[in-house]
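Enquirer: Take a look at this one; I'll ask things after.
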Amino acid sequence: MAQAEAGAAGIDPSDLYAAAISWWSASITPAVSVSSWLEAPMTVWMPLVRPHGCAGEPIEHLLGHLHDELSRLATRRTVINEQKFGAAARDARRADNTGAGTPVFLLTGSPFTSGRSGSAINTAMEGQIRMAWDGRHTLPTRGVGRYRATRKPVPPHVGVTWDVSIRDWRGFLSTDAATYSRVLHFVRRAAPVAHRVDSASGDWREALAAAYAWAFNTRPVLTYTTRAALQWDMVRAAEAEWDTVLPEPHADFFVRVGDHVSRIAGTLAATERTAIHSVHIQAAWTLVRRAVLDTARLIAMDQSTVDRLIRALDDGLGSIPGPEEDAPPLLPNAPEAGHWGADGKKRHLRGPAAGR
């Protein structure tokens with residue numbers, strides 16, 4: 001999909017690939033969870049940082065066009081304060097209740113407001129999005145009791161795909177590490193010469209639509225193969241080491257590397273309707289690896305230390321012996337009354353079947 005769609009839009013395919021994973025994770029997070037952290041939504045958050053002189057269409061515009069009929073996201077741009085955050089939550093909940101969408105909204109645009117001292121995130125909204133990443137949802141407006149009565153997550157799940165300038169991105173450095181460690185930071189790459197490439201993998205829309213319907217009809221808890229679990233344990237061990245080796249302001253960016261890998265691996269596995277295999281862990285680490293290097297570039301870290309830590313993890317992940325072994329079962333959750341078609345639209349059940 002990225003190779004076929006990015007060139008004609010003047011976007012680097014690797015940037016579109018990363019943003020698409022973020023968008024897709026938000027699409028399926030109400031239905032899919034990972035056994036390593038059942039309470040956490042499987043959302044992959046990222047700011048895509050535009051360096052000086054970087055032009056081109058915002059990636060969110062292209063993704064919105066490509067995924068509109070698949071993800072059924074209630075999209076809001078530039079939600080910069082708690083009032084707009086609450087309004088987006090209510091709209092997403094209303095869309096879910098009417099069968100027009102899932103209880104998800106996506107934060108796009110930029111979360112920063114500029115002032116004399118630089119850029120910063122609205123502090124009230126910052127707390128809300130942090131809790132949304134962890135899964136401890138609260139509603140920052142009136143009507144909390146009414147929404148709790150629905151026995152659904154409150155507020156709806158929140159996705160984040162921000163497109164920010166490098167000037168605004170520096171506002172992260174003035175916020176609490178609890179916020180910027182929850183997102184993967186990518187520097188947008190220079191756009192290639194505009195061209196279109198025919199997709200070699202067939203109709204990716206049909207594949208994603210089928211995966212979306214499977215997710216909401218199955219409500220799986222994704223488990224790990226033995227080898228994948230060992231690899232993820234190694235990522236978590238590396239995360240703990242980085243926290244002691246890197247200086248504190250820099251280490252704070254990477255205290256959730258293991259969680260990022262787990263969420264991306266689960267997002268990729270869900271597209272294939274399978275448990276998490278080692279190939280998913282390795283692919284997830286490839287994306288997180290780029291984010292680590294991009295972050296080091298953004299905050300001018302000691303590159304030699306970062307390179308050494310990354311090489312050690314690269315070697316470790318490749319040294320875990322196979323074979324993969326049989327994948328454990330995907331543990332199903334009880335689905336809500338309703339059926340999700342391949343077009344990503346909810347069809348409510350009627351009669352006795354709805355109460356089963």
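What follows is calculated from the coordinates using simple rules that are stated; it is not laboratory data. A quick note: this is a predicted structure, and the numbers were derived from the prediction, not measured. Virtual Cβ from ideal backbone geometry, glycine too; neighbours counted across all protein chains shown.
Enquirer: Subtract the Cα-Cα distance of ALA240 and ALA312 from 0.36 nm times their separation in residues, and report this length gain in nm to one decimal. Mind dumping the intermediate values first?
Expert: On the way: separation 72, 0.36 × 72 = 25.92 nm, distance 1.36 nm.
Stretched fully, the ALA240-ALA312 segment lengthens by 24.6 nm.
Enquirer: Report the extension gain between ALA300 and CYS54 in nm, rounded to one decimal, defined as 0.36 nm multiplied by the number of residues separating them, less their alpha carbon distance.
Expert: Details: separation 246, 0.36 × 246 = 88.56 nm, distance 1.93 nm.
Contour length minus Cα-Cα distance gives 86.6 nm.
Enquirer: Also, quick follow-up: Highest first, please rank the peptides 265-274, 294-303, 87-96 by the mean number of other Cβ atoms sitting within 10 Å of their residues. Each step should come with its number before you reach the end.
Expert: Numbers: 265-274: 22.5, 294-303: 16.3, 87-96: 20.1.
Ranking the peptides 265-274, 294-303, 87-96 by packing returns 265-274, 87-96, 294-303.
Enquirer: I'd like to compare 100-113, 228-241: which one has the highest average count of other Cβ atoms within 10 Å, and what's the full order after that?
Expert: Working: 100-113: 22.8, 228-241: 18.6.
Top to bottom by mean Cβ count within 10 Å: 100-113, 228-241.
Enquirer: Still on this structure: Scan around VAL187 for amide H atoms under 5 Å from its own, H built in the peptide plane at 1.01 Å from N, and keep only partners 5 or more places away or cross-chain.
Expert: VAL49
Enquirer: Starting from the Kirkwood Rh over alpha-carbon pairs, what translational D in µm² s⁻¹ does segment 199-293 have by Stokes-Einstein at 25 °C and 0.890 mPa s?
Expert: Working: Rh = 14.6 Å.
This corresponds to a translational diffusion coefficient of 168 µm²/s.
Enquirer: Right, another one. At what distance in nm do the modelled label points of GLU324 and VAL279 sit from each other, each positioned 7 Å from its Cα along Cα→Cβ?
Expert: 0.5
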